[in-house]
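Here is the structure we will look at.
The values are calculated or read from the model by the stated rules, or taken from the named source; none is laboratory data. For clarity, every value in this text was computed on a predicted model and none was experimentally measured. Positions of Cβ are backbone-derived with ideal geometry, glycine not excepted, and every protein chain shown enters the neighbour counts. Note: accessible area is taken over every heavy atom of the protein model, side chains too, but ligands, DNA and RNA are not part of it. Shrake-Rupley method; radii C 1.70, N 1.55, O 1.52, S 1.80 Å.
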Amino acid sequence: MTVSRLSLLCRDLWALWLLLKAGADEIMHQDIVPLCAADIQDQLKKRFAYLSGGRGQDGSPVITFPDYPAFSEIPDKEFQNVMTYLTSIPSLQDAGIGFILVIDRRRDKWTSVKASVLRIAASFPANLQLVLVLRPTGFFQRTLSDIAFKFNRDDFKMKVPVIMLSSVPDLHGYIDKSQLTEDLGGTLDYCHSRWLCQRTAIESFALMVKHTAQMLQSFGTELAETELPNDVQSTSSVLCAHTEKKDKAKEDLRLALKEGHSVLESLGELQAEGSEPGVNQDQLDNQATVQRLLAQLNETEAAFDEFWAKHQQKLEQCLQLRHFEQGFREVKAILDAVCQKIATFTDIGNSLAHVEHLLRDLASFEEKSGVSVERARALSLDGEQLIENKHYAVDSIRPKCQELRHLCDQFSAEIVRRRGLLSKSLELHRRLETSLKWCDEGIYLLASQPVDKCQSQDGAEAALQEIEKFLETSAENKIQELNTIYKEYESILNQDLMEHVRKVFQKQASMEEVFHRRQASLKKLAARQTRPVQPVAPRPEALAKSPCPSPGIRRGSENSSSEGGALRRGPYRRAKSEISESRQGRGSAGEEEESLAILRRHVMSELLDTERAYVEELLCVLEGYAAEMDNPLMAHLLSTGLHNKKDVLFGNMEEIYHFHNRIFLRELENYIDCPELVGRCFLERMEDFQIYEKYCQNKPRSESLWRQCSDCPFFQECQRKLDHKLSLDSYLLKPVQRITKYQLLLKEMLKYSKNCEGAEDLQEALSSILGILKAVNDSMHLIAITGYDGNLGDLGKLLMQGSFSVWTDHKRGHTKVKELARFKPMQRHLFLHEKAVLFCKKREENGEGYEKAPSYSYKQSLNMAAVGITENVKGDAKKFEIWYNAREEVYIVQAPTPEIKAAWVNEIRKVLTSQLQACREASQHRALEQSQSLPLPAPTSTSPSRGNSRNLKKLEERKTDPLSLEGYVSSAPLPKPPEKGKGWSKTSHSLEAPEDDGGWSSAEEQVNSSDAEEDGGLGLKKLVPGKYTVVADHEKGGPDALVVRSGDVVELVQQGDEGLWYVRDPTTGKEGWVPASSLSVQLGPSGSAQCLSSSESSPGSAVLSNSSSCSEGGQAPFSDLQG
């Protein structure tokens, strides 16, 4: 049908074109003269011949040859042109009758008359009817002409007669006076210049009409032969080009019509005077010619307009079709992609939050795709409109409209189906969440019921009522039938979801079973009747049968009998009580263990739920923000500051997501049934958690970039699409919050798993997570150090870092010099490594975010192999000394709090002690090699090697850690606790007792303090009264040992033997023995303090001694550390 309509349209256009061509041909072939007045205007102006417009009696045109003395001098070419032009002016009908020539030679000579007649007769181009000659008027010339004409008649032989006239009246006999001009005695109004102007205007108009007709013919041919383009741009270009040409043709037509009407108006004035005898026939013919040309021009314009309307309609319909086809291709490609995308939406969610996230994604996808769907529907309506408007390509448009509607309906149906599945999944997960929440509430209810109060009847009844009231809510909260659930949600159940439903149902059944057991126990306790106590009087017969002793004896026997009975009944009653208590204890312990198991499962459930939510949030950020930064459709919303900054903004979040999603979450799910063992999962993946250090190190840069670009429309658009209430910076903080959340969950799990198999793993995992948090925090400061030339990695592990006030007191040579004594301390940030301690100056930078983060300018470093410490400085419990090269350089360090000081001193002590132990092992190895090579008896002297050998021998005999109490109690029982009221004695070390300024000699490697030798070996400290911080956990020992943990604060009560001290825990009031080496002084003035150092001359050696405080009141001299 489309082809037939197009063929019909082409046929109509061709017929119109033929009509237009015929009209143009008619114009081109009519009224066309070989010459124009404009071409021979100068020759016509000579007026040697003119066409006045007069007519003979039979309508023959009259050509007048006025008296022109220079007639013989006119060139033949000019004469021929004028004759040709004049004879072409009358109509063909008039010219066919023949011309009448009037030759006026009244003032000429006969010779001239003869020459003129002969010349005219020889070159006249048209038919002649009559030649009238006015001969000369002079007598002589007239007589001569009569005679000559008679004798030379043969010379004038022409096809028409030549009549010699003697006067003008004779001329009137042949031609009426009204057809003759005034110079020939006539009344015809003729002006040669006016005639020439009219002829020029008429011919100019005719030429314009001719050119217009040619232009229309050429343009019409072009339009008729134009092929329809196949694309929008080409069709638009053709339509624009044709429209421009049409406008130009219309303008040419308008100008031609305007010119014709102007000529016609000029001729109309003569027409108004047509009734007068002065109007000649040529003027009337000119007017008719102009009118005919105008009529033909109007017909041509009408035909052209009709042709153009058809052609324009064809081009416009073609353009509409090309637009429709282009839109169809684009929309179909988008709809195909949308259908492929929605086909990938097969996930139904594994949790309530996941399903809600999927529903939001589906809604967002529907919103984004809705624009394309609406565009497809609108395009289909446009196609229907084209069909209604009788477009020539109906057969091509209709199938495309049907396909568009089908794709839109298919998309809508799939969206509805997917939403239905997700809604069912949401409903199921809500039921599961409700059931799990109900189970958790039941677990908390059981755990919150105190066992001791349930032993009474009232307490049991109250607990029973709580349980019964809770069980009444089961109908609306729990899953009733598993098969019903499987049948109701069959369309969405997959293997994982069925397993999840089964586990929830099992948990629900297990919880109900626990409730029923508790309910049965409480019913028994509530139904148990208390036996009434009845007083029983002694029988009088018993007293009568017994002999009556003396009062004194009776009293004694009675007393002894009573006491003996009491003694006999005592062990029995105690045993019964212990049995009863043990039975109740076993029952209580069983219920307590059951409650703890419930609480462990709850913590595990919280760990898994938060882990899944964390993974989903990371995925949401990566897909909703990070991936969109590479989306070309969102590029226009990105500010210039965000270009190529995705790695800065998000860091290694993608790496963190893959670790949790692919590895850690799946491994956590393996511990659902044994939550107390989840510590092993953390320990196995502890190295993977190091990726958080990289993320946290990048966090300042990320925050800085966020502050600069937080107002970017890109983030607002992404947040709107994700339907997030919080902005991106809140989600960028999630990894930092998550790594800190683990230690809280591990603490909770450890609290409920102290007597379980995995308690040690949980404790180790907790310590490892805390270590990672500390390492992350320390690394944030470590990367800010500037000015250090070496490699910080060569200094070993970073142990601690912090800000302190520092004074210096250096010796130069053998003289101790105070340079420019400083009263104001230097503020330094110290970094304690395994091999060195760094002094840096903290500098706060200007700016915001990352630019405002502090930096540390390196000032000084001390090798730990040559460092010693004095733990207490007189006058301030927050100060300690770090000295270098046998006190060649002394740094007095003041911590912000005594606790921070104690932590730093303990950590430095551990480093130096490890170096000392390494030195001892090396010395022992050397001594063993010497004894094997030179087996000589050792000298009986108090050399350091001897002391070291004795000390090492003691340590070998103990075969335990010096910080452990087991080494002291394995061979002998613990000493008895001190008597009440007997605490620290006067003979103990006083707080103000002066001590020798002794220490380890780096050159001699010996102990200068004799107390260190006498007290039983190296590594055991002499303590002073006051409060101490525990630096090592102690849990094992005898019944009189006190269980303490690192960080606890205790008070010293009494010094014991073998390095044991009797202390009191001020928080609990408990007392007991602990190893002296497990304590570090915390508070109190320090006249003396323990000092630990290692020798620079002997790397790896470390010693423990007593050292005095900073001399001369602790005033610090000028130091090289000054920034």
What residues of the range 455-492 lie in the reach of a label at S521, counting those whose backbone N is under 12 Å from a point 7 Å from the Cα along Cα→Cβ? 455
Computed label-point distance, nm, for sites N127 and D231 using a 7 Å Cα→Cβ extension: 6.7 nm
For E834 and R707, what does the FRET efficiency come to when R0 = 45 Å and r is the distance between their Cβ atoms, rounded to the nearest 0.05? 0.75
The range 180-256, relative contact order [Cα under 8 Å, separation at least 6], %: 29 percent
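Among the GluC sites (Glu not before Pro) within the range 727-794, which fall in a DSSP loop and have no more than 11 other Cβ atoms within 10 Å of their own Cβ?
Working: sites: E748, E757, E760, E764; in loops: E757.
Those that pass, being in a loop and sparsely packed, are E757.
Quantify, in whole percent, the carbon and sulfur part of the accessible surface of the range 602-671 (1.4 Å probe; protein heavy atoms only).
Details: 1620 of 3190 Å².
After summing per-atom areas, the C and S share lands at 51 percent.
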Inter-probe distance in nm under a simple model that places probes 7 Å from Cα toward Cβ, at K1070 and L284: 14.7 nm
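What number comes out for accessible area per residue over the range 191-236 if the probe is 1.4 Å? Units Å², please.
Numbers: 2110 Å² over 46 residues.
Per residue, the range 191-236 has 46 Å² of solvent-accessible surface.
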I want to check the label-to-label distance for K842 and A635. Put each point 7 Å from Cα in the C-beta direction and report it in nm to one decimal. 4.6 nm
Could you tell me which trypsin sites (Lys or Arg not before Pro) in the range 288-396 are loop residues by DSSP with no more than 11 other beta carbons within 10 angstrom of their beta carbon? K390
Segment D170-R254, length gained on full extension (0.36 nm per residue, minus Cα span): 25.0 nm
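Averaged per residue, what accessible area in Å² does the range 431-506 show with a 1.4 Å probe, protein chains only?
Details: 4430 Å² over 76 residues.
Result: 58 Å² of accessible area for each residue.
If you count only protein heavy atoms with a 1.4 Å probe, what accessible area per residue comes out for the range 718-763, rounded to a whole Å²? All intermediate terms of the calculation are to be shown ahead of the outcome.
On the way: 2470 Å² over 46 residues.
Per residue, the range 718-763 has 54 Å² of solvent-accessible surface.
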Candidate residues R701, R431: accessible-area rank, largest first, probe 1.4 Å: R701, R431
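On full extension of the chain, what length is gained from R119 through A922, given 0.36 nm per residue of separation minus the C-alpha to C-alpha distance?
Values: separation 803, 0.36 × 803 = 289.08 nm, distance 15.23 nm.
Full extension of this stretch gives 273.9 nm more.
So how much slack lies between L381 and E687, counting 0.36 nm per residue of separation and subtracting their Cα-Cα distance, in nm?
Values: separation 306, 0.36 × 306 = 110.16 nm, distance 6.24 nm.
Difference between extended and current length: 103.9 nm.
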